[in-house]
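Report on the structure given below.
The values are calculated or read from the model by the stated rules, or taken from the named source; none is laboratory data. These numbers come from a predicted model, not from an experiment. Ideal geometry is used to build each Cβ from the backbone, glycine not excepted, and the neighbour counts take in all protein chains shown.
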Amino acid sequence: MFLKELKTIVEDTEATEESFSKFVNSNDHFEMARLIFEFPIKEKIRIFHVLEDRKKQQDLLYETDQDSRVEILDVLENDFVADFLKEMPEDDATDIIKDLSEERRNTILSLMAPKVASNIKNLIRHGEETAGSLMALSFNKVMPSDTAAKVLMQFKNTNHSDTPPYFYITNERNELLGFFKLRDLLNVPSNWQAKQFMRKNNPKVYLEDGCEKVANIMDHEKISAVPVVNENNIIQGVITFDDVIHAIKEIADEDIFTMVGTSKIDPFAKTTMNKVFARAPWLLTTFIGGIMSAFILRHYSDILQDFATVIYFVPFVIGLAGNVGIQGATVIVRGTATGDIQSDNLKTVVMSEIGVGILNGVIFGSLCGVVIALIAEPLLHSSPLMGLTVGSGIVLAVSVAAFVGSLAPLVLMRFNMDPAISAGPFITVANDIIGLIIYLAATGIIYSFI
C-alpha cells in the first residue's frame, strides 16, 4: 500500500514539491530505503534530497540496496559526501564509501579530517564480514585505577548516544584486562576502583574473526557488544549487535541466493538485464551438465536399446541422489555459518550426514527394488531383474551423492571459497552426472550376467 501511494505521488505531475516533501518526511524512511529501487535514478535522488533530517538521509543511504546507493552517490559532490560521512558512525561510513571507486574514495577521504579518514582507511583494509570491518572505534575505555565516581562523571559528560553501555578496562599499552556494564557501575561504592569490580572473563573476538563467530559469542554470553582485539590483546574497537544483525542478514541472503544459483547481492533491486547476466553463468553449468549427460546416455546406448525400461527410472535415481546431496551440503553450510559445527565436532557431523545419506539410499533402494521387481513383468513387460538394477543404482548413487554433498563445503572452505556454492547448481549437476553414470554402469554389470 505504501509503495503504491509513493508511486502515485512521484508520478503525479500536478503534485507540488511541498506536498511531495511532506509525504516523504511523514513516512518511515527505512521502508523507503527498502523500496527505493523501484524508482528511476532521478526519483531516487529526489527522494533523498527532500528528506529534511540528515540522519534520515544517512539511514536511507545505508539501508538501501547497493545499486541505488551508488546511483545516489554518483550525483553528489565530493565535498557533500565527505561532510555527510563524517557525521556518521565510522563503521557505517566505511560500508558506504566501500561502494565507490578507489580514486573517488581517496578523493573524499582527503577532504575529511585526518583522524576520521585514517580510521575509515583502517576499517576498509579488513576483510569483508570480519570483526575488523564491523567494529566501531568509539567505546568507553577505563584505566584500572579510575574510580566509579570518575567513570560515571565522564560518562555523563560524554556524548554516548552511539556507544554501548559497556566499559573496557585497559592498561597503559591498551591491553584489554576486563570489562563492566553500566549497571555494575551504578551498584558499587563511588570510591571503588575499576579493577575492584571489573569482570575478568571478558568475551572478545579477533580482527579477522568472521561475523558468525561474533554473533555466536554475543548469543552465548548474552551481551549486546563485544570488544575486538589484535593478536597482542590490544583493543581495537567494539562491535554492537545492530552491526552484527545487518551483516548476518547480508550473509544469509547471499548464501540463500547463491545456493539457488542467482545474484548474490540485491536480487530484487537488479534490473532485468543485470539479473540475466547474474544468473546466466549458473545456468551455463546446467547446460554443460545436460550436454555431458547426453554423451553419457549415448555411451550406454547399447544397454538402453536392449533394456529400454531402465531409462524410465533415470529421473527417479538422479533426483533422489541430488536431493540427498543437497541435504548434506545444506546442513554442513548452515552449521558452519551459525557456529554449531566447530573443529571438535566437524568429523562427527560429516560422518553422520554421510551415514544418513547411505541409510536413506538403502531404505529407498530396497523399497523401490522390491516394488519394481513385483511390477516388472505384468506392467513393464520386463525381467524382475529390473528391481535389482534400479535398487542397486539408487543405493550406490545416493551413497556417493551423500559423500560428495557432505564433503564439498569443506573442500571449498579449504580453498577459501564460499561453501554455499556446494548447495548450488554446480554440485547439483555434478551429483546428477555421477548418479547417472553409477546407475547405468550398475545396469550394465547386472545385465551382463543374463
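Return the residue satisfying two criteria in turn: it lies in segment 146-174 and is among the aliphatic types (A, V, I, L, M) and outside any strand (DSSP E or B), and of such residues it is nearest to TYR206 (Cα to Cα).
The extreme case among them is VAL151.
Would you tally the residues in segment 224-236 being out of contact with any helix residue (DSSP H, G or I) (no Cβ under 8 Å at 6 or more places or on another chain) and crowded, with 18+ Cβ neighbours inside 10 Å?
Within segment 224-236, residues that are out of contact with any helix residue (DSSP H, G or I) (no Cβ under 8 Å at 6 or more places or on another chain) and crowded, with 18+ Cβ neighbours inside 10 Å number 3.
Which residue pairs have Cβ atoms under 6 Å apart, sit 6 or more places apart or on different chains, and have a first residue in segment 341-356 that is under 13 Å from VAL400 (Cα atoms) and a second that is surrounded by 14 or more Cβ atoms within 10 Å (Cβ to Cβ)?
Cβ pairs passing all conditions: GLU353/GLY328; GLU353/VAL331; GLU353/SER406; ILE354/ALA402; ILE354/PHE403; ILE354/SER406.
Hey, which of the helices (runs of 4 or more DSSP H) in segment 36-138, taking only ones fully inside, have at least 1 residues that are of a type in the set (A, V, I, L, M) and surrounded by fewer than 17 Cβ atoms within 10 Å (Cβ to Cβ)?
41-50, 66-75, 114-124
Could you list, ordered by first residue, the pairs with Cβ atoms under 6 Å in which the first is in segment 308-332 and at negative phi and the second is among the aromatic types (Phe, Trp, Tyr), at least 6 apart or interchain?
VAL317/TYR439
Does ASN119 satisfy the criteria of being outside the structural domain of MET218 (by TED's automatic domain parsing), touching a Leu at 6+ places or on another chain (Cβ under 8 Å) and not charged (D, E, K, R)?
Taking the combined requirement at face value, the residue satisfies it.
Scan GLU172, GLU221, GLU212, GLU231 and give me the residue that is in contact (Cβ under 8 Å) with a residue 40 or more places away in the chain and acidic (Asp, Glu).
Going through GLU172, GLU221, GLU212, GLU231 in turn, just one is in contact (Cβ under 8 Å) with a residue 40 or more places away in the chain and acidic (Asp, Glu): GLU212.
For ALA131, indicate whether it is over 29 Å from the mean Cα position of the chain (by Cα), modelled with pLDDT of 85 or more and of a type outside the set (Asp, Glu).
no
With the requirement that a residue be acidic (Asp, Glu) and at pLDDT below 75, what does segment 298-341 give you?
Across segment 298-341, the qualifying residues are ASP306, ASP340.
Output the residue which, of all residues in segment 400-450 that are aromatic (Phe, Trp, Tyr) and under 29 Å from ILE251 (Cα atoms), is modelled with the lowest pLDDT.
Result: PHE426.
Can you tell me which residue in segment 342-364 is modelled with the lowest pLDDT, limited to those that are outside any loop (DSSP other than H, G, I, E, B) and of a type in the set (Ser, Thr, Tyr)?
Ranking the qualifying residues of segment 342-364, first place goes to THR348.
What number of residues within segment 173-208 are acidic (Asp, Glu) and either surrounded by 19 or more Cβ atoms within 10 Å (Cβ to Cβ) or out of contact with any helix residue (DSSP H, G or I) (no Cβ under 7 Å at 6 or more places or on another chain) (or both)?
Residues meeting the conditions: 1.
Has segment 139-156 got any residue that is in contact (Cβ under 8 Å) with a residue 60 or more places away in the chain, crowded, with 18+ Cβ neighbours inside 10 Å, within 23 Å of LEU176 (Cα to Cα) and not polar (S, T, N, Q)?
The answer is yes, given that some residue of segment 139-156 is in contact (Cβ under 8 Å) with a residue 60 or more places away in the chain, crowded, with 18+ Cβ neighbours inside 10 Å, within 23 Å of LEU176 (Cα to Cα) and not polar (S, T, N, Q).
For segment 202-222, check the following and say yes or no: at least one residue is at pLDDT 90 or above and of a type in the set (S, T, N, Q).
Within segment 202-222, not a single residue is at pLDDT 90 or above and of a type in the set (S, T, N, Q).
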